[in-house]
1. On the basis of being surrounded by fewer than 19 Cβ atoms within 10 Å (Cβ to Cβ), of a type outside the set (S, T, N, Q), closer than 14 Å to residue 80 by Cα and in contact with a Gly (Cβ under 9 Å, 6 or more places away or on another chain), does residue 23 make the cut?
2. So which of 67, 19, 57 ends up being basic (Lys, Arg) and within 19 Å of residue 104 (Cβ to Cβ)?
3. Of the residues 86, 81, 105, which single one is in a strand (DSSP E or B) and in contact (Cβ under 8 Å) with a residue 12 or more places away in the chain?
4. For residues that are crowded, with 17+ Cβ neighbours inside 10 Å and of a type in the set (S, T, N, Q), scanning just segment 78-113, find the one that is nearest to residue 38 (Cα to Cα).
5. Could you identify the single residue in 55, 42 that is out of contact with any Phe, Trp or Tyr (no Cβ under 6 Å at 6 or more places or on another chain) and open to solvent by 80 Å² or more (accessible area, probe 1.4 Å)?
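The values are calculated or read from the model by the stated rules, or taken from the named source; none is laboratory data. Just so it is clear, the model here is predicted, and its values are computed rather than measured. So basically every Cβ, Gly included, is an ideal-geometry build from the backbone, and we count neighbours across all protein chains shown. For the accessible areas, the whole protein counts, side chains as well, though only heavy atoms, and no ligand, DNA or RNA atoms are used. Shrake-Rupley method; radii C 1.70, N 1.55, O 1.52, S 1.80 Å.
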Amino acid sequence: QVQLVESGGGLVQAGGSLRLSCAASGRTFSTYAMGWFRQAPGKEREFVSAITWNGDRLYYADSVEGRFTISRDNAKNTGYLQMNSLKPEDTAVYYCAASTTEYRLGYVGSYNYWGQGTQVTVSS
């Protein structure tokens, strides 16, 4: 079992930055791939970014490529999502998730554990 807790969300103006954190507890976090997803009101949960267990492969949605950076510190059992040049359309609840597989990391169904989410609101 892995418990995930996101933090770092908030209200920011367009063009600003936020850094989300995902603190993991329970079984060894370093053995899991990690992903970030987001869900805006009335929309389905969508993939944002993912990172393999050792960080050797990173994946990004086209909508955030070049603006967001995913990383992890396995010694601290924590993952991160650095979000720069934020846009109003980035407004959503952001979720981190852990997966026992390193395939199909862009899909919600590939993840075994989820955090409760953190709200990110970008004002224009």
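1. Details: surrounded by fewer than 19 Cβ atoms within 10 Å (Cβ to Cβ): yes; of a type outside the set (S, T, N, Q): yes; closer than 14 Å to residue 80 by Cα: yes; in contact with a Gly (Cβ under 9 Å, 6 or more places away or on another chain): yes.
Judged against the criteria, residue 23 is a match.
2. On the way: 67 fails: within 19 Å of residue 104 (Cβ to Cβ); 19 fails: within 19 Å of residue 104 (Cβ to Cβ).
On inspection, the qualifying residue turns out to be 57.
3. On the way: 86 fails: in a strand (DSSP E or B); 105 fails: in a strand (DSSP E or B).
Matching residue, one of 86, 81, 105: 81.
4. Looking only at segment 78-113, we keep the residues that are crowded, with 17+ Cβ neighbours inside 10 Å, and these are 78-81, 83, 86, 90-99, 105, 110-111, 113.
The next check asks that each one be of a type in the set (S, T, N, Q); those that pass are 78, 91, 99, 110.
Working: 78: 18, 91: 9, 99: 16, 110: 15 Å.
The residue in question is 91.
5. 42 is the lone residue from the list that is out of contact with any Phe, Trp or Tyr (no Cβ under 6 Å at 6 or more places or on another chain) and open to solvent by 80 Å² or more (accessible area, probe 1.4 Å).
Per-residue answers, yes or no, for (1) under 22 Å from residue 5 (Cβ atoms); (2) of a type in the set (A, V, I, L, M); (3) part of a loop (DSSP other than H, G, I, E, B); (4) without any contact (Cβ under 8 Å) to a residue 12 or more places away in the chain:
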site	(1), (2), (3), (4)
24	yes, yes, no, no
59	no, no, no, no
75	yes, yes, no, yes
97	yes, yes, no, no
